[in-house]
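Structure, as structure tokens:
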Amino acid sequence: MLKVISRVSFQKSSTVQIGGVELSVVHEIGKEGVQALLGPGDFFGEGGMGGQTVRIGTATAITPTTLLVIEKNEMIRVLHAEHAFSNRFLSYMLSCCINNCYSRPALCMAVLC
């Protein structure tokens, strides 16, 4: 089982290639809650692209999973150079905001919402 530890500094984004990932957060009262179940094509860790300096949750592989992990500087380069990838990333982020900002704002980048 892959687990990305929460509340650590980060400079990477990840895309699920194969498998599934569960995103969870620990609420102020100490109770852990599942925020999202991700599958192929979904992103996580993208908060660092918007200036977040600390992870606010935990990502756990729930099936055998392959991730594409991209350093922040490489992600910025790819977003500028690869228009198809950039369009997919932007569509994902906007969809996240539209679907989750009111009920689960922690999943969205504050700059988009």
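The values are calculated or read from the model by the stated rules, or taken from the named source; none is laboratory data. From a predicted model like this one, the values you see are computed outputs, not experimental measurements. Using ideal geometry, Cβ is built from the backbone for each residue, glycine included, and neighbour counts are taken over all protein chains shown.
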Legend entry - Where a residue in the stretch 24-50 is within 16 Å of SER86 (Cα to Cα) and its partner, wherever it lies, is surrounded by fewer than 13 Cβ atoms within 10 Å (Cβ to Cβ) and β-branched (Val, Ile, Thr), with Cβ under 6 Å and at least six apart: GLY50/VAL111
Legend entry - Sole exception among (1) at pLDDT below 85; (2) surrounded by 12 or more Cβ atoms within 10 Å (Cβ to Cβ) for ILE29, by number: (2)
Inset, instruction - Could you please give the count of residues in the stretch 37-72 that are buried (at least 17 other Cβ atoms within 10 Å of the Cβ), in contact with a Lys or Arg (Cβ under 9 Å, 6 or more places away or on another chain), of a type in the set (A, V, I, L, M) and within 17 Å of PHE89 (Cα to Cα)? - result: 2
Legend entry - Selection within the stretch 58-113 - at pLDDT 65 or above and charged (D, E, K, R): GLU71, LYS72, GLU74, ARG77, GLU82, ARG88
